1. Going through region 283-299 one residue at a time, which ones are among the aliphatic types (A, V, I, L, M) and exposed (fewer than 10 other Cβ atoms within 10 Å of the Cβ)?
2. Against the condition assigned to a strand (DSSP E or B), surrounded by fewer than 20 Cβ atoms within 10 Å (Cβ to Cβ) and modelled with pLDDT under 95, how does LEU138 come out, does it pass?
3. Can you tell me which residues in region 188-205 are under 18 Å from ASN111 (Cα atoms), touching a strand residue (DSSP E or B) at 6+ places or on another chain (Cβ under 9 Å), of a type outside the set (A, V, I, L, M) and not in a strand (DSSP E or B)?
4. Checking ILE155 against (1) outside any strand (DSSP E or B); (2) under 30 Å from ASN193 (Cβ atoms); (3) at pLDDT 95 or above, only one condition comes out false. Which one?
5. Can you tell me which of GLY119, GLY132, GLY112 is at positive phi and in contact (Cβ under 8 Å) with a residue 24 or more places away in the chain?
Amino acid sequence: MGEILSQSEIDALLSALSSGELSLEEKPEETKQKVKKYDFKRPNKFSKEHVKTLEMVHENFARIASNYLTANLRTSVQIKVISTEQLTYEEFIHSIPNPTILVTYFLEPFNGIFLFETGPQFVFQVIDILFGGEGKELIKVREFTEIEKNIIKKINIKLIESLKLAWEDVIDVEPRFDSLETNPVLNQFLAPNEPVELITMQVQINNNQSFINMCIPYISVEKYIDRLIIQYRTNLKTELDSSTTKKLEKNIMNVEVNTHVELGKSLITVKDFLNLNVGDCIKLNTKISDSLNYYIENKLHYKVYPGSIGKKLGIQISNILDKDVEDDE
């Protein structure tokens with residue numbers, strides 16, 4: 001509590017203020033320090049750059065999956081990424097329905113498990129269409145039959161395999177199916193507080209809406225987390241140029257080309273041409289001692305002499321010409 005002034009002190013203070021000997025100045029407020037809250041249960045492992053790359057990958061996946069389902073269901077299917085969120089594995093498990101189709105898979109060279117969840121609305125719509133139905137909206141959720149699980153398993157495996165193409169701009173991956181579970185609570189592959197990135201996609205089939213989810217555990221991508229940074233991929237692309245060139249050269253070496261040998265040429269009249277019969281002989285413009293022209297993809301590259309190799313006709317190269325030489329007709 002402040003000190004109480006006497007009446008004489010108050011009078012002296014007022015007198016000093018009126019004479020200008022003392023001025024009133026507002027006491028500046030103390031600047032409050034901004035404090036950012038940090039939830040230790042949900043550590044931010046994925047940076048904005050990581051999330052941006054994961055969005056790009058799964059936008060690719062959504063496009064590929066849309067094409068695959070449209071072709072196989074023979075009806076319009078549209079898939080798009082609607083949200084990305086970092087949360088704990090426990091929160092993810094409790095956010096999805098039960099029962100649902102929860103597939104675990106590997107994505108080599110990444111270490112660890114990835115998860116792909118297709119909800120009952122999506123599953124029953126797809127199965128209904130495959131069996132000749134219209135894919136109407138699910139009214140009552142029920143357990144999946146073994147037949148339904150086997151059908152959706154095959155479809156999900158195909159969708160997972162499309163991740164190879166979706167990831168190709170970031171890193172070469174090999175997707176591999178691991179398991180299928182209908183009760184997410186029984187899936188105990190990760191610690192409850194393990195941070196994960198959840199990518200939610202909206203699926204539109206015949207004007208009916210459903211959702212599918214990709215769950216990316218941080219621990220599974222940690223070893224290659226730098227690959228999710230655009231600058232790193234740009235530098236990596238430069239480093240890989242030489243190895244890519246060598247691989248391309250190796251592949252080109254195995255490409256087959258068409259070749260032929262020209263024995264010679266001759267001019268005949270239309271009358272002679274019309275009268276040609278089996279056994280007739282035609283004189284060519286080449287001598288027996290002359291070399292022949294050897295063409296690669298209709299371009300002259302070599303001079304050769306005819307002969308035999310075993311029981312087959314063959315040629316022996318006598319001269320190598322410039323690679324750009326055209327037919328000298």
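1. Just the residues of region 283-299 that are among the aliphatic types (A, V, I, L, M), to begin with: 284, 288, 292, 296.
Answer for region 283-299, where residues must be among the aliphatic types (A, V, I, L, M) and exposed (fewer than 10 other Cβ atoms within 10 Å of the Cβ): just ILE288.
2. Taking the combined requirement at face value, the residue does not satisfy it.
3. If the condition is that a residue be under 18 Å from ASN111 (Cα atoms), touching a strand residue (DSSP E or B) at 6+ places or on another chain (Cβ under 9 Å), of a type outside the set (A, V, I, L, M) and not in a strand (DSSP E or B), then PHE189, GLU194 are the ones that fit.
4. If we test ILE155 against (1) outside any strand (DSSP E or B); (2) under 30 Å from ASN193 (Cβ atoms); (3) at pLDDT 95 or above, just (2) comes out false.
5. Values: GLY119 fails: at positive phi; GLY132 fails: in contact (Cβ under 8 Å) with a residue 24 or more places away in the chain.
Unique residue meeting the criteria: GLY112.
Listed here are the residues, each with its yes/no results for (1) among the polar types (S, T, N, Q); (2) at pLDDT 80 or above; (3) assigned by TED's automatic domain parsing to the domain that holds LEU313.
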| residue | (1), (2), (3) |
| --- | --- |
| MET214 | no, yes, no |
| ASP226 | no, yes, no |
| THR234 | yes, no, no |
| LEU248 | no, no, no |
| LYS265 | no, yes, yes |
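The values are calculated or read from the model by the stated rules, or taken from the named source; none is laboratory data. For clarity, every value in this text was computed on a predicted model and none was experimentally measured. Methodologically, a virtual Cβ is constructed for each residue, glycine included, from the backbone with ideal geometry; neighbour enumeration extends over all protein chains shown.
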